[in-house]
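Throughout, read-outs are computed from the coordinates displayed, never taken from laboratory work. Just so we're clear, the structure is a prediction, and the values are computed from it rather than from any experiment. Cβ placement follows ideal geometry from the backbone for every residue including glycine, while neighbour counts extend to all protein chains displayed.
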Amino acid sequence: MEERPTIEMLERNAAEMRKHLLRLCHRAGSLHIGGDLSMADLVTALFQYGLRIDPRRPRWEGRDRFVLSKGHGAGALYVGLAMAGFFDVTELFERYDTLDSPFGIHPTAGVPGVEIATGSLGHGLSICVGIALAARLNGASHRVFTLMGDGEIQEGSVWEAAMAAKQYRLGNLVAIVDRNGLSLDGETEQLMGLEPLSDKWQAFGWRTCTIDGHDMSQIVQMLDGLPPSGSTTPTAVIARTTKGKGVSFMENDVNWHAGSIDAGLLERCCHEIDDRLEAKRGA
């Protein structure tokens, strides 16, 4: 049995993911880089620690299912899959957003490890309710995970799905909210207030927890603490994050919801990520 990575290994891999994302942003000319960086720690922990998957068998029936509801974060999903071994990261760099490429700017089902094409916001949780209900009816033991943006949970379809998950007692369902506080148009609390967000999920009958989405120890503890897939209460995780995390001039700046970087800026960003990791290791 393959040994699971340590916290230090996951932190190092999350830093590498951020650098890959920045390289992809530079190579492709644009990426939803702010939200990609905010979810890098979560995606690293999921695909390298938490999910029951086998990259050699992407359609293995016993696998956990993961749906990226915030489909504009496809860059982070693709890099996460590559680092987990589903395909080579060089293939992603060479083919991302090119003619006839499977690597679209939103997740496409032709990519190994991608369960379903997403991008129209507010639909991921509904899709996962259906997948989780099918698993329950079939007596399957896998879990179903979705990662949502906090901006998209302003949509009513999310809360309809939340009610359905409680109604059908889908304890095999885990919804993670990338709570970075910013959407394309600005601060979520100014556009359509979400707080008290944890209380809302609880009121809909979900087990809830709030974590620092950049603290790998907390992420791993959350994953280890999930109830058995046969339980009857779905789980909502509010992951407090920072948009643009890892690059100081991008952090908490709505203008970096999407953007591009030149070669000089790429080098500067990668150096900063390395310096931060080194400082953390020496602390």
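Summary of values
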read-out: Candidate values (1) 61, 57, 38; (2) 61, 46, 31; (3) 53, 45, 44, label of the one derived for Cα extents along the principal axes in Å; value: (3)
read-out: Highest-fluctuation residue, D64, D212, D262 considered, GNM on the chain with Cα pairs under 10 Å; value: D262
read-out: Relative exposure of D41, D100, D253, judged by other C-beta atoms within 10 Å (fewest first); value: D100, D253, D41
read-out: Residues whose placed amide H lies under 5 Å from that of S183, excluding near-sequence neighbours; value: T188
read-out: Selection from A14, V144, A279, by position along the positive dipole direction of segment 7-282 (Cβ); value: V144
read-out: Segment 7-282 - share of DSSP beta bridges that are antiparallel (%, nearest 5); value: 10 percent
read-out: Segment 1-80: GluC sites (Glu not before Pro) in DSSP coil with no more than 11 other Cβ atoms inside 10 Å; value: E2, E3, E61
read-out: Where trypsin sites (Lys or Arg not before Pro) fall in DSSP loop in segment 1-110, at most 11 other Cβ within 10 Å; value: R56, R59
read-out: Residue order, fewest to most surrounding Cβ atoms within 10 angstrom, among W159, W256, W60, W201; value: W60, W159, W256, W201
read-out: Per-residue HN-Hα couplings for segment 242-252 [Karplus 6.51, -1.76, 1.60; θ = phi - 60°; Hz; x = Gly/Pro]; value: 10, 5, x, 3, x, 10, 4, 6, 8, 5, 6
read-out: Cross-link table K70/K166; K200/K243; K200/K245; K166/K243; K70/K245, entries beyond 20 Å C-alpha to C-alpha; value: K70/K166; K200/K243; K200/K245; K166/K243
